[in-house]
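What follows is one structure encoded as structure tokens, with my remarks underneath.
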């Protein structure tokens with residue numbers, strides 16, 4: 001099934017975020033984890049911690065920055081999806097955290113901000 005332009009754009013920014021985090025030493029475990037509770041863009045490992053990563057892109061900050069778009073409601077959906085992941089995919093519960101990779105600007109001037117441990121459960 002062909003991807004929509006929005007899906008292609010989302011994959012492009014997820015690829016960019018994943019490559020950046022890999023350069024920082026994280027290891028990719030899975031991408032686009034879906035469950036009935038929601039979706040997690042990237043699930044990675046950072047040493048002995050499991051990292052659930054939300055990737056957000058905003059061309060302009062007119063309606064808030066990319067990092068600001070991960071509001072309380074979005075955080076609750078990520079927390080629920082991560083709980084499901086841990087329950088169904090994990091054999092034991094390692095320390096876990098939620099990171100945000102916020103990408104903003106136009107193609108010619110992209111800015112990437114990695115926010116480790118962006119929020120807590």
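Can you tell me which condition residue 20 does not meet? The list is (1) closer than 14 Å to residue 115 by Cβ; (2) modelled with pLDDT under 90; (3) not in a loop (DSSP other than H, G, I, E, B), and all the others hold.
(2)
Being free of Cβ contacts under 8 Å to residues at least 12 places away in the same chain and outside any strand (DSSP E or B) is the requirement here; does residue 80 meet it? Give the steps one after another, and end with the answer.
Details: free of Cβ contacts under 8 Å to residues at least 12 places away in the same chain: no; outside any strand (DSSP E or B): yes.
Here the answer is no, as residue 80 does not meet what is asked.
Across segment 32-44, which residue is nearest to residue 78 (Cα to Cα) among those that are within 12 Å of the chain's Cα centre (by Cα) and surrounded by fewer than 16 Cβ atoms within 10 Å (Cβ to Cβ)?
39
Any idea which of (1) modelled with pLDDT of 85 or more; (2) under 14 Å from the mean Cα position of the chain (by Cα); (3) over 19 Å from residue 120 (Cβ atoms) is the one residue 10 doesn't satisfy?
Single failed check for residue 10: (1).
Pull up segment 23-54, narrow it to residues that are modelled with pLDDT of 95 or more and not in a strand (DSSP E or B), then point me to the one that is farthest from residue 83 (Cα to Cα).
23
Looking at segment 100-115 only, could you name the residues that are in contact (Cβ under 8 Å) with a residue 24 or more places away in the chain, in contact with a strand residue (DSSP E or B) (Cβ under 9 Å, 6 or more places away or on another chain) and over 16 Å from residue 15 (Cβ atoms)?
Answer for segment 100-115, where residues must be in contact (Cβ under 8 Å) with a residue 24 or more places away in the chain, in contact with a strand residue (DSSP E or B) (Cβ under 9 Å, 6 or more places away or on another chain) and over 16 Å from residue 15 (Cβ atoms): 100, 104, 105, 113, 115.
Report the residue count in segment 1-16 for those that are over 17 Å from residue 105 (Cα atoms) and either touching a strand residue (DSSP E or B) at 6+ places or on another chain (Cβ under 6 Å) or surrounded by 12 or more Cβ atoms within 10 Å (Cβ to Cβ) (or both).
0
Pairs under 9 Å by beta carbon, first residue without any contact (Cβ under 8 Å) to a residue 40 or more places away in the chain and on the phi > 0 side of the Ramachandran plot in segment 21-38, partner surrounded by 12 or more Cβ atoms within 10 Å (Cβ to Cβ) and assigned to a helix (DSSP H, G or I), six or more apart or different chains?
Once the first residue is without any contact (Cβ under 8 Å) to a residue 40 or more places away in the chain and on the phi > 0 side of the Ramachandran plot and sits in segment 21-38, its partners that are surrounded by 12 or more Cβ atoms within 10 Å (Cβ to Cβ) and assigned to a helix (DSSP H, G or I) give 32/11; 32/14.
The values are calculated or read from the model by the stated rules, or taken from the named source; none is laboratory data. No experiment lies behind these values; they were computed from the predicted model shown. When we count neighbours, we look across all protein chains shown, and the Cβ atoms used for this are built from the backbone with ideal geometry, even at glycine.
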